[in-house]
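Below is one structure, written out as structure tokens; comments come after it.
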Ligand SMILES: [Zn+2]
């Protein structure tokens, strides 16, 4: 530092001497030059001192900021912690599709899966009765959960992905009246011929059996909106809200189509049955930006429904699944 100062002083001296018209030599006494040097050295010392003070100030400010940030973090409310009723883990659920606190980090379940599994385990005939259950496109968390029910003969199916059975919902390769329960959750909105799928579900259910259903339904929508000419994924997203959806259902439109297929329809409001605390604890609903119908739809095949022969033919019109 000392040598730096000397160098700096000399440099300053030369610079100032140059600017101020100082000339080493003629006209400048050595006493004058010494005085000038002393003055400049004093300035450098002062600047050094100021720099030291500024550095100390900066360090102090840094320390203060650290303390303030720690205090702020402490004061901030922690992200809410939920308990998954499927895998029983408690923790912070992850964001999904713009909704906060949706996905269980352990079993990957979302709101609707936790709601459905809660209803099945606590309020449905599946909790106690011996039933043949066919589950279409199940989530891993649901499969793991439902396979633990010893009273259920539980089989999984999918059209695209690998499950126990590969089945097309619009042409089920299954005998008439062969299942007690079908679980078809968030699938019909992907199927152009949804009425044909409903007729097929009706056919393979035993009298007294039921399909457990849900589709996206905006509360307040009056009619089904569909347009088979819209096939481009981007256009479908615009029209139906998702690139692989083919319609927007209304609650009444959905019910009417199921009734036309021969079903008796009941929409179970399990959220209302549970109450807000239980629903919030397991984060079963309520994260949607638009109000969604989150009821569990039961399409029941009447006990006295006559059997019908053969599979439903392609392009079945609504209502023709009803036995004559
Ligand atoms: Zn979970």
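The values are calculated or read from the model by the stated rules, or taken from the named source; none is laboratory data. Because the structure is predicted, anything quoted here is derived from the model rather than measured. Cβ atoms come from the backbone with ideal geometry, glycine included; neighbour counts cover every protein chain shown.
Side notes on the structure shown:
- Residue within the stretch 125-134 that is within 16 Å of the ligand (Cβ to nearest atom) and in contact (Cβ under 8 Å) with a residue 24 or more places away in the chain present: no
- Criterion violated by residue 283 - all others in (1) part of a helix (DSSP H, G or I); (2) surrounded by 12 or more Cβ atoms within 10 Å (Cβ to Cβ); (3) at pLDDT below 95 satisfied: (1)
- With respect to the stated conditions, residue 121 is outside any loop (DSSP other than H, G, I, E, B), over 22 Å from residue 265 (Cβ atoms) and out of contact with any strand residue (DSSP E or B) (no Cβ under 9 Å at 6 or more places or on another chain).
- Selection of the stretch 70-104 for residues being free of Cβ contacts under 8 Å to residues at least 60 places away in the same chain and in a strand (DSSP E or B) yields 90, 91, 94, 95, 96, 103.
- Residues located in the stretch 106-124, provided they are more than 16 Å from the ligand (Cβ to nearest atom) and within 24 Å of residue 174 (Cβ to Cβ): 124
- Within the stretch 84-97, tally of residues that are out of contact with any helix residue (DSSP H, G or I) (no Cβ under 9 Å at 6 or more places or on another chain) and near the ligand (Cβ under 8 Å from one of its atoms): 2
- Selection within the stretch 195-234: residues that are within 12 Å of residue 247 (Cα to Cα) and more than 26 Å from the chain's Cα centre (by Cα). The member of this set that is surrounded by the most Cβ atoms within 10 Å (Cβ to Cβ) is 230.
- Evaluated against (1) more than 21 Å from the chain's Cα centre (by Cα); (2) buried (at least 20 other Cβ atoms within 10 Å of the Cβ); (3) modelled with pLDDT under 95, residue 240 falls short on exactly one condition, (1).
- Residue match in the stretch 183-194 (condition: more than 27 Å from the chain's Cα centre (by Cα), surrounded by fewer than 23 Cβ atoms within 10 Å (Cβ to Cβ), at pLDDT 95 or above and on the phi > 0 side of the Ramachandran plot): no
- Considering 100, 76, 69, the condition of being surrounded by 12 or more Cβ atoms within 10 Å (Cβ to Cβ) and away from the ligand (no atom under 16 Å from the Cβ) is satisfied by 100 alone.
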